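Undergrad: Provided herewith is a single structure, encoded as structure tokens, for subsequent inquiry.
The values are calculated or read from the model by the stated rules, or taken from the named source; none is laboratory data. Bear in mind that the values here come from a model prediction, so they are computed numbers and not experimental data. Every residue, glycine among them, receives a Cβ derived from its backbone with ideal geometry; neighbour counts consider all protein chains shown.
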Amino acid sequence: MALPDGERPDTPWLSYHCGVSLYRDEGVVLRTQKLGEADRIITILTKRTGKVRGVAKGVRKTMSRFGARLEPFSHIDLQLHTGRSLDVITQVETLRPYGEALVSDYPRYTAGTAMLETADRLTVGEKEPALRQFLLLVGGLRTLVEGGHEARLVLDAYFLRSLAVAGYAPALSECARCGAEAVRAFAIAAGGVVCGACRPAGAAVPSAETIALMIALLRGDWQAADASESRNRTECSGLVAAYLQWHLEHGIRSLRHVERDQADRARIDAERGTREVWESAQNPHISRA
Ligand SMILES: [Zn+2]
């Protein structure tokens, strides 16, 4: 029973008759690594299956279109067959090549890279369905590519929401320890904002506008977020980054590039390139908590 050209053999009867277990899904490529002489292992966050590591055979030997579709950021439709240790990717179609749109814009590219790394870190188990994380990642990349909001705001919104989905939503409206409504400080180890009585030594004291910005980003209230002031965005980014790093054991490596880029732009804005500002910007805003 031949299939017409282009028909994807993903029906159960075909899997059965071929003697291999085939499955199809859509997903976003999180990262790639070399395997042997010619192959690559592709880590993909898929819509239905969760995180999958699949082998793409022969992609480093030829300049294949197959390999080109399996670059980080690509939103793809793919078919795999189940292998003993790793599954093998047999077909790929590009749905949205987000990488192409991001590569020409450094702040957006580094923000996107930090999103991919965070998605990878927050989805711990392989083949454990993580639909909400998948939808957040696709939504975050799309928003980043559309360019309607500042890259760092999009990234901070993504961080806050993906942390919330993972069960680490920071307390933002009442004290994380006692539930009191009058909050004074932001204490990462306590889990968010804290009241004056619960405030541990050394906790950051962000402005009320910064906490409001965090709430807006968590809720997806772009009107409020876009209207925020630069200093509140900087303070928000520092708190969100510190909070994220606290919850992920080894931190997010690519966040360094985001911070460097932000510091770099701050330098250009402030003093047209003098070294001192650049150096002071290297130690940003997040070390207080
Ligand atoms: Zn309290």
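Undergrad: Among Ser228, Ser237, which is the only one that is assigned to a loop (DSSP other than H, G, I, E, B) and assigned by TED's automatic domain parsing to the domain that holds Ala111?
TA: Ser228
Undergrad: When you look at Thr110, is it among the β-branched types (Val, Ile, Thr), farther than 14 Å from Ile44 by Cα, assigned by TED's automatic domain parsing to the domain that holds Ile42 and in contact (Cβ under 8 Å) with a residue 60 or more places away in the chain, yes or no?
TA: no
Undergrad: Could you list, ordered by first residue, the pairs with Cβ atoms under 8 Å in which the first is in region 22-51 and within 19 Å of Glu100 (Cα to Cα) and touching a residue at least 12 places away in the same chain (Cβ under 8 Å) and the second is surrounded by fewer than 17 Cβ atoms within 10 Å (Cβ to Cβ) and among the β-branched types (Val, Ile, Thr), at least 6 apart or interchain?
TA: Matching pairs, first to second residue: Thr32/Ile41.
Undergrad: Taking the residues in region 191-215 that are outside any loop (DSSP other than H, G, I, E, B), more than 13 Å from the ligand (Cβ to nearest atom) and not hydroxyl-bearing (Ser, Thr, Tyr) as candidates, determine which candidate is surrounded by the most Cβ atoms within 10 Å (Cβ to Cβ).
TA: Among those residues, the one meeting the criterion is Leu213.
Undergrad: Also: Of all residues in region 154-190, which are closer than 25 Å to Ala111 by Cβ, assigned to a loop (DSSP other than H, G, I, E, B) and either out of contact with any Gly (no Cβ under 7 Å at 6 or more places or on another chain) or within 10 Å of the ligand (Cβ to nearest atom) (or both)?
TA: Passing the criteria: Ala166, Gly167, Tyr168, Ala169, Ile188.
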